[in-house]
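To start, the structure itself, in structure tokens.
The values are calculated or read from the model by the stated rules, or taken from the named source; none is laboratory data. Note that the structure is a prediction, hence the values are computed from the model and not measured. Cβ placement follows ideal geometry from the backbone for every residue including glycine, while neighbour counts extend to all protein chains displayed.
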């Protein structure tokens, strides 16, 4: 997040509109990969802020490789998310209004290697049994995933 880090040096923690991308990673059993974030201890999906000159697709791939050590060459657009539900205040006080392009990759088989600076653990979850402690900007994405793919509802 070098671009955002540089912006923060100028604007401090004031709200920013942050363009980014995320990836829903499903294994062959249809389970969703989630990782526990080290900053808020909540569960999330691979994703992050777009860098200057980068496409949204490239952002999703880069962030996934940085966060879980997996390169996902093929992913389909799942949806674009913005609005009040995508507002987030980081534990350090920095505020963002996310505009996030979300992609989905199915049948992914790979060895997950977490970046320990960003995540402390990972797990594949059945869509009907997602964890309660989900990072707030991910909730509307998972709600849509469950409506389109399987039973149950997002919690927490």
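Looking at segment 23-36, can you tell me whether even one residue there is touching a strand residue (DSSP E or B) at 6+ places or on another chain (Cβ under 6 Å) and assigned to a loop (DSSP other than H, G, I, E, B)? Within segment 23-36 (the criterion being touching a strand residue (DSSP E or B) at 6+ places or on another chain (Cβ under 6 Å) and assigned to a loop (DSSP other than H, G, I, E, B)), the answer is yes, since at least one residue qualifies. Cβ separations smaller than 6 Å between residues 6+ apart or across chains give the following pairs from segment 93-108 residues that are on the phi > 0 side of the Ramachandran plot and touching a residue at least 40 places away in the same chain (Cβ under 8 Å) to residues that are surrounded by fewer than 22 Cβ atoms within 10 Å (Cβ to Cβ) and in a loop (DSSP other than H, G, I, E, B): 93/13; 107/28.
Does segment 51-60 contain any residue that is within 12 Å of the chain's Cα centre (by Cα), at pLDDT 95 or above, crowded, with 22+ Cβ neighbours inside 10 Å and part of a helix (DSSP H, G or I)? Yes, some residue in segment 51-60 is within 12 Å of the chain's Cα centre (by Cα), at pLDDT 95 or above, crowded, with 22+ Cβ neighbours inside 10 Å and part of a helix (DSSP H, G or I).
Assess whether residue 112 counts as being surrounded by 16 or more Cβ atoms within 10 Å (Cβ to Cβ) and assigned to a loop (DSSP other than H, G, I, E, B). Here the answer is yes, as residue 112 does meet what is asked. Tell me, yes or no, whether segment 131-143 has at least one residue that is in a strand (DSSP E or B), in contact with a strand residue (DSSP E or B) (Cβ under 6 Å, 6 or more places away or on another chain) and closer than 16 Å to residue 42 by Cα. Checked segment 131-143: at least one residue is in a strand (DSSP E or B), in contact with a strand residue (DSSP E or B) (Cβ under 6 Å, 6 or more places away or on another chain) and closer than 16 Å to residue 42 by Cα. Set side by side, the residues 31, 41, 9 differ, and just one is out of contact with any helix residue (DSSP H, G or I) (no Cβ under 9 Å at 6 or more places or on another chain), modelled with pLDDT of 95 or more and either surrounded by fewer than 22 Cβ atoms within 10 Å (Cβ to Cβ) or within 14 Å of residue 122 (Cβ to Cβ) (or both), which is 41. Note on segment 77-92: residues that are exposed (fewer than 14 other Cβ atoms within 10 Å of the Cβ), within 15 Å of the chain's Cα centre (by Cα) and touching a residue at least 24 places away in the same chain (Cβ under 8 Å) total 2.
The number of residues in segment 93-109 being surrounded by fewer than 18 Cβ atoms within 10 Å (Cβ to Cβ), touching a strand residue (DSSP E or B) at 6+ places or on another chain (Cβ under 6 Å) and closer than 24 Å to residue 5 by Cβ comes to 3.
For segment 115-130, a residue qualifies if it is in contact with a helix residue (DSSP H, G or I) (Cβ under 8 Å, 6 or more places away or on another chain) and within 12 Å of residue 44 (Cβ to Cβ), and the qualifying residues are 118, 119, 122, 130.
Scanning segment 111-122 for residues that are in contact with a strand residue (DSSP E or B) (Cβ under 9 Å, 6 or more places away or on another chain) and farther than 17 Å from residue 22 by Cβ turns up 120, 121.
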